[in-house]
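Before any comments, here is the structure.
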Amino acid sequence: MEERVRTGIPGFDEVLNGGFLPSDLVLLTGATGTGKTVFATQFLYNSVKLYNSPSVYVSFEERPEDIKRNAMRFGWDFESFERKNLISFVRYDPLHIEDIYGLIENNIHEIGAERVVIDSITGLGLNIRDPGDLRAAIFNIGRMLKRSGCTSILTSEAPSENPLILSTFGVEEHVTDDVIVLYKIPKGTGFSRALTVWKMRGSVHSEKIHPYIITKDGIVVYAHDETQLFA
Ligand SMILES: Nc1ncnc2c1ncn2[C@@H]1O[C@H](COP(=O)(O)OP(=O)(O)O)[C@@H](O)[C@H]1O
Ligand SMILES: [Mg+2]
């Protein structure tokens with residue numbers, strides 16, 4: 001079996017037919033509150049904890065202190081990893097947005113990162129107003145991440161309820177190898193959560209919509225039990 005980059009998120013690697021392909025650039029998209037940050041955080045925690053892969057978390061939205069504090073609620077202690085140089089948090093500085101590319105690259109090299117999260121690419125867009133510049137920035141960051149050999153997740157806010165519109169800027173899904181979509185679906189008097197692998201270059205993958213839940217230990221995906229979605 002070819003090498004796969006496992007996420008360690010229960011049920012999800014099965015949906016991916018084993019995991020991501022090495023150095024894949026993954027777009028994780030969904031409306032606000034669907035669980036993108038939880039997913040991305042769990043991916044990086046597992047990277048270090050289970051797979052010995054140093055990681056970089058680039059945040060354009062939340063402060064690293066807040067991300068770490070929220071992660072602790074799931075029992076994910078990033079501070080101890082940080083002290084051992086197994087993870088670094090890069091907080092963007094709106095005054096130095098032009099340096100962001102080099103900043104990410106330096107952090108990757110410094111700790112020998114194998115996995116990267118950028119949360120979110122929509123946040124980057126709030127700082128680069130010109131659509132052409134923004135496309136170039138996303139493209140260049142994506143190319144740099146691939147060149148570095150890292151397997152990376154870029155999160156992106158889905159702009160509407162229309163499940164066919166995947167991204168805010170209309171470029172994110174084209175520069176990435178894989179697209180994972182998170183949904184909140186009305187059910188009874190509440191919502192249920194579900195995800196799908198929209199595309200995955202060079203791989204067979206599940207084409208189904210898979211329910212998932214957010215438990216006290218993080219995200220759990222139902223790889224088989226699709227019926228639970230409509231029960
Ligand atoms: N510690 C936790 N335990 C259980 N559920 C949580 C926890 N933290 C967040 N959530 C759930 O995740 C949702 C937010 O997910 P988040 O990843 O921040 O969304 P997004 O990044 O897509 O906007 C919350 O609305 C809540 O339902
Ligand atoms: Mg978020």
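The values are calculated or read from the model by the stated rules, or taken from the named source; none is laboratory data. Predicted model, so just to flag it, every value in this text is computed and none were measured. Note that each Cβ is placed from the backbone with ideal geometry, even for glycine, and that neighbours are counted across all protein chains shown.
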Original post:
Is there a residue being assigned to a loop (DSSP other than H, G, I, E, B) and on the phi > 0 side of the Ramachandran plot anywhere in segment 171-194?
Top reply: yes
Subject >> Failed condition for SER23, given (1) more than 14 Å from the chain's Cα centre (by Cα); (2) of a type in the set (Gly, Ala, Ser); (3) in a loop (DSSP other than H, G, I, E, B) >> reply: (1)
Original post:
Which residue pairs have Cβ atoms under 9 Å apart, sit 6 or more places apart or on different chains, and have a first residue in segment 144-159 that is farther than 14 Å from LEU182 by Cα and a second that is basic (Lys, Arg) and buried (at least 18 other Cβ atoms within 10 Å of the Cβ)?
Top reply: CYS150/ARG115; THR151/ARG115; SER152/ARG115
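Please specify each residue of segment 31-66 satisfying the condition of being of a type in the set (D, E, K, R) and near ligand 2 (Cβ under 9 Å from one of its atoms).
Matches in segment 31-66: LYS36, GLU61, GLU62.
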Original post:
Somewhere in segment 99-109, is a residue within 24 Å of LEU195 (Cα to Cα) and at pLDDT 95 or above?
Top reply: no
Original post:
Looking at ARG69, is it within 16 Å of ligand 2 (Cβ to nearest atom) and free of Cβ contacts under 8 Å to residues at least 40 places away in the same chain?
Top reply: yes
Subject >> Check on SER206, under 26 Å from PRO54 (Cβ atoms), more than 15 Å from the chain's Cα centre (by Cα) and buried (at least 16 other Cβ atoms within 10 Å of the Cβ) >> reply: no
Original post:
Listed residues ILE100, ILE121, ILE138, ILE104; which is within 16 Å of ligand 1 (Cβ to nearest atom) and among the aliphatic types (A, V, I, L, M)?
Top reply: ILE121
Original post:
ILE153 passes all but one of (1) crowded, with 17+ Cβ neighbours inside 10 Å; (2) at pLDDT 95 or above; (3) in a loop (DSSP other than H, G, I, E, B); which number fails?
Top reply: (3)
**OP:** Give the number of residues within segment 210-223 that are away from ligand 1 (no atom under 13 Å from the Cβ), part of a loop (DSSP other than H, G, I, E, B) and at pLDDT 95 or above.
**Re:** 1
Subject >> So SER80, is it away from ligand 1 (no atom under 13 Å from the Cβ), small (Gly, Ala, Ser), within 20 Å of LEU145 (Cα to Cα) and out of contact with any helix residue (DSSP H, G or I) (no Cβ under 9 Å at 6 or more places or on another chain) >> reply: no
**OP:** Would you please name the residue that is farthest from ligand 2 (Cβ to nearest atom), looking only at residues in segment 100-124 that are under 17 Å from GLU173 (Cα atoms) and part of a helix (DSSP H, G or I)?
**Re:** LEU124
Subject >> Hits in segment 30-62 - residues which are aliphatic (A, V, I, L, M) and within 15 Å of ligand 1 (Cβ to nearest atom) >> reply: ALA31, VAL38, ALA40, LEU44, VAL58
**OP:** Tell me which residues, restricted to segment 110-134, are among the hydrophobic types (A, V, I, L, M, F, W, C) and either at pLDDT 85 or above or within 23 Å of PRO22 (Cβ to Cβ) (or both).
**Re:** ILE111, ALA113, VAL116, VAL117, ILE118, ILE121
**OP:** Of the numbered conditions (1) on the phi > 0 side of the Ramachandran plot; (2) within 16 Å of ligand 1 (Cβ to nearest atom), GLY112 fails exactly one; give the number of that condition.
**Re:** (2)
**OP:** Within segment 138-150, track down each residue that is at negative phi and surrounded by fewer than 21 Cβ atoms within 10 Å (Cβ to Cβ).
**Re:** PHE139, ASN140, ARG143, MET144, LYS146, ARG147, SER148
